[in-house]
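Just so it is clear, none of the values below were taken in a lab; they were calculated from the coordinates. Predicted model only: the values in this text are computed from it and were never measured. FYI the Cβ positions are ideal-geometry reconstructions off the backbone, even for glycines, and counts take in every protein chain you see.
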Ligand code: 5RP
């Protein structure tokens with residue numbers, strides 16, 4: 001319950017980044033659900049939203065927001081999304097909600113990526129949260145063997161198929177000291193669609209909520 005309040009506080013603090021009349025990138029997850037609800041409760045007048053999942057699209061539409069395809073939205077000035085883990089460089093693990101591929105695309109297409117999370121998501125070293133990897137179905141076993149070579153313990157996520165029709169492998173047992181190098185290494189395995197490491201395109205702002213309030217971190221450089 002207090003974690004839910006922390007998520008809502010983080011979501012509330014992200015409202016100040018929303019530019020009325022413009023397109024907005026919207027991510028996926030329970031923290032983003034608060035954000036979508038708060039957009040509606042506060043009567044934000046956005047031109048439309050580019051959404052990272054069918055679930056967020058449904059919630060946005062339910063509130064009466066227009067959802068636009070990224071191909072017709074043009075570049076986005078702001079993208080708001082959650083994370084499963086974040087480090088002090090604002091590198092992230094994402095994909096706990098299986099939306100990592102669309103999330104990475106929208107983050108890449110956005111000028112400012114505002115990440116919202118409860119404070120428990122901040123870690124010194126990424127990797128305690130199993131790293132999600134979306135793979136093409138035929139490459140599942142091959143990619144899993146390659147992930148073992150990189151030191152991980154891959155586990156197929158049961159009963160989950162992404163919005164893109166692919167399975168997800170969750171990789172346990174990683175201590176990610178060089179997130180950019182690992183992102184590149186996993187991206188290079190044939191059959192990998194997306195790895196849920198956001199290091200080459202980290203967040204620009206990280207808003208961490210707690211029941212008492214929020215604190216905000218910015219990426220340096
Ligand atoms: C979905 C994600 C989410 O942002 C991540 O799982 C955080 O979710 P929550 O806000 O529910 O803690 O990456 O793919």
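Mind giving me the nanometre distance, one decimal, between the label points for residue 149 and residue 220, set 7 Å out from Cα along Cα→Cβ?
3.6 nm
Mind jotting down the three principal axis lengths of region 131-196 based on Cα atoms? Whole angstrom, largest first.
31, 19, 19
Can you tell me the FRET efficiency between residue 210 and residue 184 if r is taken as the Cβ-Cβ distance and R0 is 35 Å, rounded to the nearest 0.05?
Working: r = 34 Å, r/R0 = 0.97.
The formula returns an efficiency of 0.55 here.
Simple spin-label model, 7 Å along Cα-to-Cβ: residue 5 to residue 160 in nm?
In this crude spin-label approximation the distance works out to 2.9 nm.
Once you place label points 7 Å from the Cα toward the Cβ at residue 200 and residue 175, how far apart are they in nm?
2.7 nm
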